[in-house]
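Heads up: the structure comes next, in structure tokens.
Nothing in this text is a laboratory measurement; each read-out follows from the coordinates by a stated rule. Just so it is clear, the structure is predicted and the values come from calculations on it, not from any experiment. Reconstructed Cβ throughout: ideal geometry from the backbone, glycine too, with neighbour counts over all protein chains shown.
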There are 2 protein chains.
Amino acid sequence: MADPSTVPAPEFDPTEHPHRRYNPLLNEHILVSPHRMKRPWQGQVDPPSTQRLPEYDPSCYLCPGNSRSGGERLPKYTATHTFPNDFPAVLAGPAPAAPPAPHPLLTAEPVQGGCDVVIFHPRHDLTLARLSVGEIEQVVVEWTRVYVQRGMQEGNKGAIMGCSNPHPHGQVWSLSSVPQLPATELRNLLQYSLRPSEEPPSGAPRGDRGKPCLLCEYGHFERGSGERVVLEEGPWVALVPWWAVWPYEVMRASIPHSRSPSQAQVKNTVLPTNRHITSLLDLTPDERSSLSRALSRLTKKYDNLFLCSFAYSMGIHQRPTPAALDDEAEAAHLHLHFDPPLLRSASVRKFLVGFELMAEAQRDLTPEQAAKRLRELPERMPPRSGKRSAPLSS
Amino acid sequence: MADPSTVPAPEFDPTEHPHRRYNPLLNEHILVSPHRMKRPWQGQVDPPSTQRLPEYDPSCYLCPGNSRSGGERLPKYTATHTFPNDFPAVLAGPAPAAPPAPHPLLTAEPVQGGCDVVIFHPRHDLTLARLSVGEIEQVVVEWTRVYVQRGMQEGNKGAIMGCSNPHPHGQVWSLSSVPQLPATELRNLLQYSLRPSEEPPSGAPRGDRGKPCLLCEYGHFERGSGERVVLEEGPWVALVPWWAVWPYEVMRASIPHSRSPSQAQVKNTVLPTNRHITSLLDLTPDERSSLSRALSRLTKKYDNLFLCSFAYSMGIHQRPTPAALDDEAEAAHLHLHFDPPLLRSASVRKFLVGFELMAEAQRDLTPEQAAKRLRELPERMPPRSGKRSAPLSS
Ligand SMILES: [Zn+2]
Ligand SMILES: [Zn+2]
């Protein structure tokens, strides 16, 4: 073996050399091992179901007119439909007071709130990728309505939406405390907003009262660089973040001041340059439409990636409640996370085991490679073979 | 609907009311929803394989004399055997220098090191639970040897061991930076060690130079309380932590000053009251034996839980390298994490989706309920049906 001190280090190549990237939004590191893409796969393989779904499934607890899992019957709804989850993770208040801690290291706090199920469409066999842009827009309107309704109830914050198959629907969990992950993001957004402004200014939009915004700044840079951008749609950009953990994770940050005017000239004119969007409620109708178009394009790309109906988790991070007025709320920058659980193909799922569970998040494909792959995919639906990736549960 | 302000809050019951627990080791919260244990399961079900494994499998890349996944042939080893992983996540140095950041928000650092595979036993069909205590002790000795060997190489820290089936083996990843999770633990352990000592003293052991140790203090309290204790073996306790995320996660902290003398009178006499163990290398032969017995008892309990050979991830968190001498290294408190991926039965796996991926770790069964269940399980092997839970990959 050669003496390492005499071997000159090769030049750094992010597609060849293991490295760690820093995630300023979570103040965390992730390990990138791009050279490992060649190793043989030894994980679990779930064959994708090739069964074609019916438009209506009498045994589905989300189809119109059917019985919910709790027994109650659903109306024959014709558009979006929202109802409280029959097995909510949190319950309506008043929650009992916190018991005294048995030891200062063992503390607990009560939590209260509610969980809702938002059905996107009456048809059992559709997915976000198969809805029309207009139908997606109805879903965005419904998310906004639930966000406002739940957020206006005393102490409900941290509304989160997850997406799953089959039967297109999402979950909204409204808690009396901001959950761990968005709370960490908010803390880091707030901290960034308090730093002195950079000179010369980058040209990125700014937050409330001219404060720097980490995501305004980051999105502005990424849109200029393009390397991690998947698509641009009006003021919106879909990108694979520099610090993305999952191979095909896509963060969609609202970038109000577009640098590609050919795509969204109209929107740009209704947006001030310094626009900083904190929640769904701040969206203009145009911004909502372009978001719907972007969602449609992105989910079609996902379906084309593995040529199956692509299961993923989606989350919306925004101002804790529409009415929150503190500095942290003002620092919030609306963004949507997409976390596909698929690793390499329609049938290989990613589990958290070993190093990732015990030490640090790790990925093999670089964010730039993933973004390039997604960018090049078509945005029309793949031929309808009926293939679907396995459903997720939440 | 009743006006919430007029409904009196019931008394807090941790097995009934949703609450959040604080994890001081990670400075994080988790959501506990104990009332949800009754909901119907809608997740993926993998039927457990009922195939009985052979003692030697000609297609296994870990069996003695076989070809490794990289092609090289394994010796006909007869005890533990360690070799470098053919597809390591990190590579030996010197790593190329970090490129200049394209933007202050986009930083990366090179990482170097090595990955080893430690085979526990030549027989393909065994698991930790089916090894004798003496054979487990050989594994602990081998872990210690690799820890010292890798840790002595310049800049290698963060050695981590994960365990997986089939063919009993683990992984050691040695990196030039302490990975995210143990780094966060170390930071919080260090911070705790710098606080003024409590008066009156709790009687718990203390760290180096009498400094308070979060895990010495925590283990001492839990051993006295018993509520979350799964088993005690000499100076060792296996417990389900107050802040455990996975339903059957077990943290095994070394508790040098035993409060149950009936079990470990002898060990207690060789340990000073203030003993604080930072790594495997600090273990006396007796401590190593009792650790092996504890591992044997715990993994048998796991197998009895779902009556199958129980797949889990195990990690050892300890002093970053045996030679590290800074305050953080001294604050390290050796402990082993067990994270079973099974949720409810041999065939129901836990995926991270929706709320957990987007918001906060969540569990339904309380740590106290899980500990009670494990405590009551037998410590002899279940009848050998040949059932195994699905293998994990790492
Ligand atoms: Zn976010
Ligand atoms: Zn640990």
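As a proxy for reagent exposure, ranking B:LYS300, A:LYS76 by other Cβ atoms within 10 Å from fewest up yields A:LYS76, B:LYS300.
Remark: the range A:204-213, residue by residue, has Karplus-estimated 3J(HN,Hα) of 6, x, 10, x, 3, 6, x, 5, x, 10 Hz, where x stands for each Gly or Pro and the curve is 6.51 cos²θ - 1.76 cosθ + 1.60 at θ = phi - 60°. Ranking of B:ARG195, B:ARG21, B:ARG319, A:ARG68 by neighbouring Cβ atoms within 10 Å, starting from the fewest: B:ARG195, A:ARG68, B:ARG21, B:ARG319.
Averaged over the residues of peptide B:24-33, the number of Cβ atoms from other protein chains lying within 10 Å of each residue's Cβ is 4. Across the range A:111-125, the residues whose backbone nitrogen lies under 12 Å from the label position 7 Å along the beta-carbon direction of A:ALA92 are A:113-115. Shape annotation for the range B:202-247: C-alpha extents along the principal axes are 36, 23, 15 Å, from largest to smallest. Modelled label positions at A:THR78 and A:ASP57, each set 7 Å beyond Cα in the direction of Cβ, lie 2.5 nm from each other.
Among residues other than B:ARG380 with Cβ under 11 Å from its Cβ, the summed charge is +1 (Lys and Arg +1, Asp and Glu -1).
Footprinting exposure proxy ranking of A:ASP57, A:ASP326, fewest other C-beta atoms within 10 angstrom first, gives A:ASP326, A:ASP57. Plainly put, the tip 7 Å out from Cα toward Cβ on B:PHE87 is 3.5 nm from that tip on each other copy, the closest given first.
Taking amide H positions as modeled 1.01 Å from N, with prolines and chain starts lacking one, the residues under 5 Å from A:GLY93 and 5 or more places away or on another chain are A:GLY113. Each other copy places its own label point for B:GLU379 at 6.3 nm from this one, sorted shortest first, where the point lies 7 Å along the Cα-to-beta carbon line. Couplings 3J(HN,Hα) of the range A:276-283, computed from phi: 10, 9, 9, 7, 4, 5, 6, 5 Hz, in residue order, whole Hz [Karplus 6.51 cos²θ - 1.76 cosθ + 1.60, θ = phi - 60°; x for Gly and Pro].
With its label point defined 7 Å out from Cα along the Cα-to-Cβ axis, A:SER197 lies at 5.3 nm from the matching points of the other copies, in increasing order.
Under 15 Å from a point placed 7 Å out from the Cα of B:GLU16 along the Cα-to-Cβ direction: which residues of the range A:73-101 have their backbone N that close? Backbone N within reach: A:91-99.
Partner shielding of A:95-102 amounts to 4, given as the average count of beta-carbon atoms from other chains within 10 Å of each residue beta-carbon.
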